[in-house]
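K.L.:
Pasting in a structure now, in structure tokens, and then I'll have a few things to ask.
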Amino acid sequence: MSNCRYLINSCIHQTYDILDFRTTQSSKTRSYYVRCQNSFDQTLDGENGGNRKLKILIAGGGIGRLVLALAAKHEGFEVQVFEKDLSAVRGEGQHRGPIQLVSSALEVLEAIDENVAKQIKEAGCVTGNRTTGYADGLSGEWIIKFDLSSPAVSRGLPLTLVICRMALQDILLNAVGLDIVRNKSKVVDFLEDPSKVTVILEDGQQYDGEVLVGADGIWSKVRAKLFGEREAKYSTYTSYSGVTNFVPPYIDSVAYRIFLGLNQCFVATDVGNGKIQWFANHKEQPMSNDPPEGKKKRLLEKFGNWCPEVVTLIQKTPESMILRRDIYDRDMIYTWGAGRVTLLGDAAHPMQPNLGQGGCMAIEDCYQLIHELVQASESDSNVQISEEIVLALRRYANKRLWRVGLVFAASRFASKMLASYKPYIEFKIGPLAHLLTQQITHPAIPVFRAFLQICLPKFMAWITAGHG
């Protein structure tokens, strides 16, 4: 990642009035370049380069928090992670499966710790070498296909993969060390003065540090303390997930497919070892009850008339392997912290799961944050170091806002797209009612398909192979 430049094509553009993103801009191409420096080969032991050992406190123990702790550890920082329950990290569960790691996130992991990245690649299932994309839920016909391989290969990046969240957490936890991660330690408050920040745990214990990172997810206590308590909003969608021991005939050519329907979608991905993981999202009131017959019956009522690829996966999944959760959401915020305190991952920019980018954006956050803190630690004066820390946290947020903002907006757009996706014209009454059994393509579908074919491949290539 040393001295690299990534081009963010100017056709992928969205404006935020309060965004402060500073890049090097070419007046000829009007494209945006982000310079990345490999700060992970420096040391902060006070002997090489004279850098100071900052003490970083991290609230939360999920994937992004552990990556941040690992990066901080390699830089020689003192670091302490406070997690209320490592066994209940968001998205975990006995059967709730993988997290997608695109090429840019894997490259960050390689820059932080090559050995850890190697373990992750060995434990994961590569999906970036096969076809992925959107398909119509009723007919099964492809709407648009993505090429995730070419952008990665052309830049020498690892291919996109999926890995079990619990396996990923174990790899990171072993690398970070149990001495750094305090389980059963929920951060409920913090205090700050000019020289330090103090976290207060639920049991009353207090710990001092020079930086506090709120990486405690969508229900972040740190965020609530910074900006006030606000309830998360129900997204209007509930999500069923399942894992089945079934190998479809198309497994060698198709890795990941998103089937679209009106207020519904069904996502299926190969997770390796002869298993397929799927998610079925549909619009419903929160905390609705499934029928006594179980979740599978409910799903077949909702998706039973969809294409065979969808129905077969539901039918092949045992009832005990199907889980359900309501999806909650928050608006992204454009100020991520104050003073010595900042936010990371879902605490700052919670994303709906429809693009599978929440974990990847958190991993990228870690790289930028540690890079800025390394620069801040070079100060010799105690007064100056306090100022440099505050400035470093601001730079981190400003440099991440552009990319994260675009991905967040795309995730919201994908959710809204489901609410208006009607591939066929319906004739329920009148002289054309006899055509109800026939499928007549809606005239807006060709326009929709053309829009996706023009914009989506470029956007997915940018997500896959470029980062800030």
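K.L.:
Using the structure shown, decide if Ile251 is of a type in the set (A, V, I, L, M), in a loop (DSSP other than H, G, I, E, B) and surrounded by 13 or more Cβ atoms within 10 Å (Cβ to Cβ).
P.N.:
Taking the combined requirement at face value, the residue satisfies it.
K.L.:
With the condition kept exactly as written, say whether any residue in the stretch 46-54 is buried (at least 18 other Cβ atoms within 10 Å of the Cβ), at pLDDT 90 or above, among the hydrophobic types (A, V, I, L, M, F, W, C) and closer than 28 Å to Ser195 by Cα.
P.N.:
yes
K.L.:
Any residue in the stretch 99-127 that's within 14 Å of Arg165 (Cα to Cα): show its pairings with residues that are open to solvent by less than 20 Å² (accessible area, probe 1.4 Å) and polar (S, T, N, Q) at Cβ separation under 8 Å, as long as the two are six or more apart or on different chains.
P.N.:
Partner pairs satisfying both residue conditions: Gln100/Thr127; Gln100/Thr160; Gln100/Thr269; Gln100/Gln357; Leu101/Thr160.
K.L.:
Listed residues Gly214, Gly228, Gly209; which is over 26 Å from Val126 (Cβ atoms), of a type outside the set (Phe, Trp, Tyr), at pLDDT 95 or above and within 25 Å of the chain's Cα centre (by Cα)?
P.N.:
Selected residue: Gly214, the only one of Gly214, Gly228, Gly209 that is over 26 Å from Val126 (Cβ atoms), of a type outside the set (Phe, Trp, Tyr), at pLDDT 95 or above and within 25 Å of the chain's Cα centre (by Cα).
K.L.:
If you don't mind, another one. Given (1) buried (at least 19 other Cβ atoms within 10 Å of the Cβ); (2) out of contact with any helix residue (DSSP H, G or I) (no Cβ under 6 Å at 6 or more places or on another chain), where does Gly177 come up short, assuming only one miss?
P.N.:
(1)
K.L.:
If you don't mind, another one. Hey, can you tell me all the residues within the stretch 274-313 that are farther than 19 Å from Leu138 by Cβ, touching a residue at least 24 places away in the same chain (Cβ under 8 Å), within 28 Å of the chain's Cα centre (by Cα) and open to solvent by 20 Å² or more (accessible area, probe 1.4 Å)?
P.N.:
Gly274, Lys275, Glu284, Pro286, Met287, Ser288, Lys295, Lys296
K.L.:
I'm checking my understanding of the structure. Among residues of the stretch 281-319 that are outside any loop (DSSP other than H, G, I, E, B) and β-branched (Val, Ile, Thr), which one is farthest from Tyr234 (Cα to Cα)?
P.N.:
Thr312
K.L.:
Which pairs do you get when a residue that is open to solvent by less than 20 Å² (accessible area, probe 1.4 Å), found in the stretch 141-159, comes within reach of a residue that is basic (Lys, Arg) and at pLDDT below 90, reach meaning Cβ atoms under 6 angstrom, with the pair 6+ apart or on two chains?
P.N.:
Note: pairs meeting the criteria are Ile143/Arg449.
K.L.:
Just checking, how many residues over the stretch 338-389 are open to solvent by 10 Å² or more (accessible area, probe 1.4 Å) and on the phi > 0 side of the Ramachandran plot?
P.N.:
Counting residues in the stretch 338-389 that are open to solvent by 10 Å² or more (accessible area, probe 1.4 Å) and on the phi > 0 side of the Ramachandran plot gives 2.
K.L.:
Please find, among Glu202, Glu192, the residue that is surrounded by fewer than 20 Cβ atoms within 10 Å (Cβ to Cβ), more than 19 Å from Lys55 (Cα to Cα) and in contact with a strand residue (DSSP E or B) (Cβ under 9 Å, 6 or more places away or on another chain). Spell out the reasoning first.
P.N.:
Working: Glu192 fails: more than 19 Å from Lys55 (Cα to Cα).
Only one candidate passes the filter, namely Glu202.
K.L.:
Another question, then. So Cys125 fits all but one of (1) out of contact with any strand residue (DSSP E or B) (no Cβ under 6 Å at 6 or more places or on another chain); (2) more than 24 Å from Gly261 (Cβ to Cβ); what number is the exception?
P.N.:
Every listed condition holds for Cys125 apart from (1).
K.L.:
Here is a list: Ala409, Ala444. Which entry is at pLDDT below 95, closer than 27 Å to Leu159 by Cβ and surrounded by fewer than 17 Cβ atoms within 10 Å (Cβ to Cβ)?
P.N.:
Ala409
K.L.:
Also, I was wondering about something else. Within the stretch 219-235, restricting attention to residues that are under 15 Å from Ala338 (Cβ atoms) and among the aliphatic types (A, V, I, L, M), which residue is surrounded by the most Cβ atoms within 10 Å (Cβ to Cβ)?
P.N.:
Within the stretch 219-235, the match that is surrounded by the most Cβ atoms within 10 Å (Cβ to Cβ) is Val222.
The values are calculated or read from the model by the stated rules, or taken from the named source; none is laboratory data. None of the values given here were measured: they were computed from a predicted structure. In this analysis, Cβ positions are derived from the backbone assuming ideal geometry, glycine residues included, and neighbour counts consider all displayed protein chains. Ligands, DNA and RNA are excluded from the accessible area calculation, which covers all protein heavy atoms including side chains. Shrake-Rupley method; radii C 1.70, N 1.55, O 1.52, S 1.80 Å.
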